[in-house]
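Notes to accompany the following structure.
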């Protein structure tokens, strides 16, 4: 019965691993869904050395036509703000710098939306929030300068019906928070509706059911014309760019080829796949069935690695990041070698296979946790102290450090428990050799 249970478990895990590989590397159409499934690999954000870069050059101009040029302080503030906006909308790995006397050059990893994001930087939307449906200024108006952050959202705008709408969720600074408190106090007694206008007096939207004074410095602006998350993200970027005292004019917006060539990621992937196969072969030759369990664990490790690389928003993979992945997998291999060697040592000391397994993992626990903890802490130090290229390495290595513990002390240990009912006496299947006689503990 135990053997049957073990076989079923290994078969189910193999099926799940095969499914994981399909989800990691294959692309296919999804039924009843507009977008295709891209696979974990294709969803990983690539840096400039592995993928194409969207490059844009902006001329920085004053908002008012009465002012001839921007000051150095305005130019530096705009530069910092552009970095913040790009990072807020998915381009955390960006290069933004000054060129000439009044130009900003920005570069982000190319994607389906990168060109639109660059265009959004040059289309500021100055939002004014009012308590009355009028184009005339009122004493309760909140200007765009009071908006400190803005992000896309999809919310229900009614307390009685399911009236969901795309729009932007705006947060105010300290002064804006005070103004919003006064505005909502006025609106609660005069019409219960907030109105949003642009600089030209066009009505952008409205938000009803304001029945009491609001103390939180934040509000939602529904936009009926928006129907997708991507369009709403770009609209939010427009609103953010309208909060500064300069404007950007696009002079260039194009895609530049990857630093190391468009096929560099493919060639690196092929090289890593060959190295992975060689390691699996060597581990199987050295440790036999233990090597097979390591191979199964390693494939799970790769699937989890790819999933986390595309799921974590702070990850932008570069050559340095791939080096971090390689080092992380090397750490996983080292942890398994420590366990397997301890198992071999216990068996050589006269233990039987079940007890050798148990003591092998027990004696490896402290050493593996110690190595992986130091690696993880070193990764954190590199992330917070390093440049973007070092951060890519640090994140990848940190993921590898965590997965090394999980795979060696949890997944492989579980596999050995399933394996024992199938073989608890045949040492040749495990590459074990008893050299000394000792009493069984």
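Read-outs: derived from the displayed coordinates by stated rules, not from any lab. Model, not experiment: these values are computed from the prediction. Using ideal geometry, Cβ is built from the backbone for each residue, glycine included, and neighbour counts are taken over all protein chains shown.
Counting alpha carbon pairs within less than 8 Å and at least 6 residues apart, what relative contact order, in whole percent, applies to the chain?
Numbers: 745 pairs, mean separation 83.2, N = 441.
Relative contact order, the chain: 19 percent.
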Cα point-scatterer Debye curve for segment 53-256, base-10 log of I(q)/I(0) at q = 0.13 Å⁻¹: -0.74
Computed over segment 23-135, Cα set: Rg, Dmax in Å: 18.9, 57
Förster radius 22 Å - calculated FRET efficiency between residue 277 and residue 330 (Cβ-Cβ, nearest 0.05): 0.90
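Whole number please: convex hull volume per residue, Cα atoms of segment 1-88, in Å³.
Numbers: hull volume 18.2 nm³, N = 88.
Taking the convex hull of the Cα positions in segment 1-88, it is 207 Å³ per residue.
How much of the calculated P(r) for the chain lies past 37 Å, in percent of all Cα pairs?
Numbers: 44181 of 97020 pairs.
Taking all Cα-Cα pairs of the chain, the fraction more than 37 Å apart is 46 percent.
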Degrees, to the nearest 10: 289-311 long Cα axis against longest axis of the chain: 0
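Beta carbons within 10 angstrom, averaged per residue: use that to sort the peptides 77-90, 291-304, 269-282, highest first. Walk me through the intermediate numbers first.
Working: 77-90: 18.1, 291-304: 20.9, 269-282: 12.9.
Averaged packing, sorted descending, gives the order 291-304, 77-90, 269-282.
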Rounded FRET efficiency, nearest 0.05, which uses the C-beta distance separating residue 1 from residue 378 and R0 of 41 Å: 0.30
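Among rounded, prolate and oblate, which fits segment 149-268 when a ≥ b ≥ c are the square roots of the eigenvalues of its C-alpha gyration tensor, a/c under 1.5 means rounded, and a/b larger than b/c means prolate? Spell out each step's value before the answer.
Values: a/c = 2.68, a/b = 2.04, b/c = 1.32.
Note, shape of segment 149-268 comes out prolate.
Pull out the extension gain between residue 173 and residue 251, defined as 0.36 nm times the separation in residues minus the alpha carbon to alpha carbon distance; nm, one decimal. Don't skip to the answer; put the middle values down first.
Working: separation 78, 0.36 × 78 = 28.08 nm, distance 3.20 nm.
Computed gain between residue 173 and residue 251 is 24.9 nm.
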Cα gyration tensor shape for segment 77-172, rounded if a/c is under 1.5, else prolate or oblate: oblate
Acute angle (nearest 10 degrees) that the helix 229-241 long axis makes with the longest principal axis of the chain, alpha-carbon atoms: 50
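Given the Cα-Cα distance of residue 64 and residue 426 and 0.36 nm per residue of separation, how much length would full extension add, in nm?
121.9 nm
Provide the gained length on full extension for the span residue 218 to residue 116, in nm with one decimal, where the gain is 0.36 nm per separating residue minus the Cα-Cα distance. Let's see the in-between values first.
Numbers: separation 102, 0.36 × 102 = 36.72 nm, distance 2.65 nm.
So the extension gain works out to 34.1 nm.
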For a label point 7 Å along the Cα-to-beta-carbon line of residue 230, residues of segment 37-63 with backbone N under 20 Å: 37-47, 51-56
Helix-only [θ]222 nm of the chain, DSSP H runs n ≥ 4, -39500 (n - 2.57) each, per residue, nearest 500: -17000 deg cm²/dmol
C-alpha long axis of helix 174-188 to longest principal axis of the chain, angle in °: 70
